[in-house]
Every structure is written in structure tokens, then in C-alpha cells.
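The values are calculated or read from the model by the stated rules, or taken from the named source; none is laboratory data. Computed from a predicted model, the values in this text were never measured in an experiment. FYI the Cβ positions are ideal-geometry reconstructions off the backbone, even for glycines, and counts take in every protein chain you see.
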Amino acid sequence: MTSASDHLDPALRVEALASLLIERGLLDEATIETFVKTYEQSVGPMNGAKVVAKAWTDPGYRARLLADGTAAIAELGFKGPQGEHMVVLENTPTLHHVVVCTLCSCYPWPVLGLPPSWYKDPAYRSRVVREPRQVLREFGLDLDDSVEIRVHDSSSEVRYMVLPERPAGTGGYSEAELADLVTRDAMVGVAKVAVP
Amino acid sequence: MDGIHDLGGMQGFGQVQDLTADGPFAEPWEGKAFVIGALSARIAGGNLHAMRHAIERVPPSEYLVGYWNRWTFGAQIMMEDSGIVTDDEVRARAARLSGQDVPEPPQPTPNKPQMPSGGAGNLRSRDTPPAFAVGDRVRVADLDPQGHTRLPRYVRRRTGTVTALQPCQVFPDTAAHFVAEDPQHCYTVDFDSRELWGPGAEPFRLSIDLYEPYLEPAP
């Protein structure tokens, strides 16, 4: 049985495990390459940004997105592992949603890709369910005391994505220009979307 | 289990990390780690819940080394459970990859778990209707699970309000141990921050998804 004694370098453990699995025909280099390329290039926050931009410009889509996130997101072709049941949370001037997974690092892969380091870090996972306003302030988001904060702990197979507020002064932007503004952090709820 | 993974509300981890716009893998080995973990349930004949439980059993000192370390370590634990590899084999291979001439230990006999599955994914149905409805006051049971659970410590024995019914899902507490999928109704329950952290807490609402066996009617 594995134990903590005699710590193995993480990269070396991966190499050793991979080499044994490849030798046993349970893994191959082509599969590794395909997975890595997929999550480096095709599955990431650019997908969620398209969902947000469409919701900002198409009231019918926005309504569908908030009523049935999974189906509305699938309209744009985004589905797959860790996106089986999607719920979209709309941030407003008076209500701010923020998402965490305290027990592991559950995250809506089809729309946001794999989670960033800060999301998986014990500091975020432990603190955002206890002192979210302070945590958001450390991230640089100082919310007015009048804004209600709602923290969502992703403890089941439901995955949450935040629909951020559309920033002022973007009335003339196209859907593609709007998508360029949307960040991963805003779709988790630790930042707002800003105009450069 | 009350492990290191159950981080909600723990103190002492310091400032949150900076928000950075980096990609998913800082180094090539992290990409390989991701793929091994992502495929580990298939390779070991396990499931998502068993994988999570394997990560929970990573020793705390190793868990805190970092995400991709606990992810790989967890994948290895699940594969050890299924007789796919042994820790001795991994260590011997690591030593050989580092240029040491150590013997390769014997390969274990695969012993994959068998549990009937209701299909792909985790959304299921259940014959009995949900016990609770939106607006109901519920108390989280005082459970002491020895194995896997998706009930974090910080909401145990607290009282909240059901705010949504979520889809019925495979019950992680039994599926992780290959007992049965035993699908359960699932509810979003909202707690006032002061119910969780006392009268001096920052005012906010905490929403969490809880399976029906975790809940009882509020007294």
C-alpha cells in the first residue's frame, strides 16, 4: 500500500506509473497526446465566454440558459465530462454568486476547461465558504456591503457557471468582441468583466 | 471520512493565490498526470466516486504537495486496489528510470471491482418521490461516515432551507465502495452564514447540494 513515507517526486511517479501502464497496454502515447491537446486547445474558458456573450446579446438565449443550462450550453456544442447537469447563476448589481468545491475541485469542464491553480488550492477551498467577502477582496474584487453574496459548494454532480454582469459601455460590441472580454475568473465569480 | 480533503472552513492556509491566466498544465508531466487520472476509473474498473475516495486516502502530507500529485497518487491507489499495479512496482520503476539497477517486483493479479451500472454518467431516476420540497427547513444529519461521502463536515448538524431540487443521482457513498449505485434525490440547501460560523460571521448565503440520506426534517 502506498504511504507518505519516502516521498516520490511527483513527476517521477507519473513517469513510472505511465511506463507501467503503457507496458501493460492500458495506456498509450497517442491517447495522452490527444487528451492534453484537447484540454490545452479546445476545451477551456473560451467556450464559456461564447455562452456568456450570446446570453448578453440574445434575450431568448439568456432565458433558456437560466432555465436549463445544460440544454442551452449544448446548443453551442459544449457538453461532456463534468458538464452532465449545468446550472447557470446570474450575477446582478445586488446579488453576487461565487463557486467552489470544498471536497475536491469539481469544475464545469465543457465550458471552463480544467480548473486554475488558485481554484484547487486549499486556501480558496477552505476560506471562500467562511469569509467570501474577504477572499474576493484579496482577489481584487471589493463588493459593496449592500451586495448579497451567495457561495455555491459543488458537492454533487451539478456543475455551476456564473453569468457575469455585462459591463457598461459595451453597447456597440459584437458578440465576438464581447466574448473576448469574458474571463474565466468572472465565470467562477471571483472577478467582474471589465472593459480594457 | 474526515480527511484532509474536507477543507471547507479550515483555517491556516493563508492568502489565496493570485488569479493567473495560465493554461491547465505548467509542465508536461502534469498533462500526463491528468490523463492517467482521467482514465484511471476505466483502467481500474472503478468509477468517479471511487477515484475521489482514492484521492481522499492520499496521506495528508502528500495531498498538500499539490493537485497533480494527489491526483496521480489517488489514481495509483485505485489501481493498487484493483490489482493493476503495486506501490513496489511504481517505486522500482521510478528507481530504474532514475538509472538505478533495482529488480522489478512481480505484477499483481488484476482484481477489478464488479458493480452493476445504470449507464453512463451519474443522472438516474428513483421510484420513490422526493421527501423534501422547495421551502422545507431541513437539518443535516449527524453522520459519521467511515468511507466516502459528499457531506462536508462544516454543514453537519446545521439547519437550512431547500432552495432547489436537483436531478436524482448515483449515491457516491455507496458507489465509491462498489456496493450499489442506489440513486438518491438531491437538493440544493441554503444556509445562513451565521448558522455555520456563529453570530460574528460575514453575512452571506451558502448553497450546497446534499443527497436525501444526509437530511432530516428540521425539528
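Some observations on this one:
- All positions within region A:152-192 that are more than 21 Å from A:Val99 (Cα to Cα) and part of a loop (DSSP other than H, G, I, E, B): A:Ala168, A:Gly169, A:Thr170, A:Gly171, A:Gly172, A:Tyr173, A:Ser174
- Scanning region B:151-184 for residues that are in contact with a His (Cβ under 9 Å, 6 or more places away or on another chain) and over 16 Å from B:Val138 (Cβ atoms) yields B:Pro167, B:Cys168, B:Gln169, B:Val170, B:Phe171, B:Pro172, B:Asp173, B:Thr174, B:Ala175, B:Ala176, B:His177.
- Breaking point among (1) closer than 26 Å to A:Asp6 by Cα; (2) at the interface with chain A (Cβ under 7 Å from one of its Cβ atoms), for B:Val16: (1)
- Residue match in region A:76-99 (condition: under 18 Å from the mean Cα position of the chain (by Cα), more than 9 Å from chain B (Cβ to nearest Cβ) and of a type in the set (Lys, Arg)): yes
- Residue match in region B:107-116 (condition: within 11 Å of chain A (Cβ to nearest Cβ) and free of Cβ contacts under 8 Å to residues at least 24 places away in the same chain): yes
- Hey, B:Val65 more than 21 Å from B:His177 (Cβ to Cβ), out of contact with any Ser or Thr (no Cβ under 8 Å at 6 or more places or on another chain) and either surrounded by 16 or more Cβ atoms within 10 Å (Cβ to Cβ) or of a type in the set (Val, Ile, Thr) (or both) or not: yes
- Positions within region B:121-156 being surrounded by fewer than 17 Cβ atoms within 10 Å (Cβ to Cβ) and of a type in the set (A, V, I, L, M), in sequence order: B:Ala131, B:Ala133, B:Val134, B:Ala141, B:Leu143
- From A:Ser156, A:Ser126, A:Ser174, residue being within 21 Å of B:Leu206 (Cα to Cα) and either touching an Asp or Glu at 6+ places or on another chain (Cβ under 6 Å) or surrounded by fewer than 23 Cβ atoms within 10 Å (Cβ to Cβ) (or both): A:Ser156
- Residue in region B:132-163 that is nearest to B:Ala50 (Cα to Cα), counting only those that are among the aliphatic types (A, V, I, L, M) and out of contact with any Asp or Glu (no Cβ under 6 Å at 6 or more places or on another chain): B:Leu151
- Some residue of region A:96-108 being assigned to a helix (DSSP H, G or I), at pLDDT 95 or above and aromatic (Phe, Trp, Tyr): no
- In the set (1) over 17 Å from A:Ser155 (Cα atoms); (2) in a loop (DSSP other than H, G, I, E, B), B:Glu195 fails one condition alone, (2).
Conditions tested, residue by residue: (1) in the same structural domain as B:Met1 (by TED's automatic domain parsing); (2) more than 15 Å from the chain's Cα centre (by Cα); (3) free of Cβ contacts under 8 Å to residues at least 40 places away in the same chain.
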{"residue": "B:Phe34", "(1), (2), (3)": "yes, yes, yes"}
{"residue": "B:Arg52", "(1), (2), (3)": "yes, no, no"}
{"residue": "B:Glu56", "(1), (2), (3)": "yes, no, no"}
{"residue": "B:Glu62", "(1), (2), (3)": "yes, yes, yes"}
{"residue": "B:Ile77", "(1), (2), (3)": "yes, no, yes"}
{"residue": "B:Arg91", "(1), (2), (3)": "yes, yes, yes"}
{"residue": "B:Leu123", "(1), (2), (3)": "no, yes, no"}
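- When region A:1-30 is filtered for residues that are surrounded by fewer than 13 Cβ atoms within 10 Å (Cβ to Cβ) and either modelled with pLDDT of 95 or more or among the aromatic types (Phe, Trp, Tyr) (or both), the ones remaining, listed by number, are A:Glu23, A:Gly25, A:Asp28, A:Glu29, A:Ala30.
- Criterion applied to B:Gly45, B:Gly3 was being buried (at least 19 other Cβ atoms within 10 Å of the Cβ), touching a Lys or Arg at 6+ places or on another chain (Cβ under 8 Å) and modelled with pLDDT of 95 or more, and the one residue passing it is B:Gly45.
- The residues of region B:144-186 that are away from every other protein chain (no Cβ under 14 Å) and either part of a loop (DSSP other than H, G, I, E, B) or of a type in the set (A, V, I, L, M) (or both), listed by number, are B:Asp144, B:Gln146, B:Arg157, B:His177, B:Phe178, B:Val179, B:Ala180, B:Asp182.
- Look at region A:131-157: where a residue is under 22 Å from B:Gln11 (Cβ atoms) and a partner is of a type in the set (Asp, Glu), sitting 6+ places away or on another chain with Cβ atoms under 6 Å, you get A:Glu131/B:Glu202; A:Arg133/B:Glu202; A:Ser155/B:Asp209.
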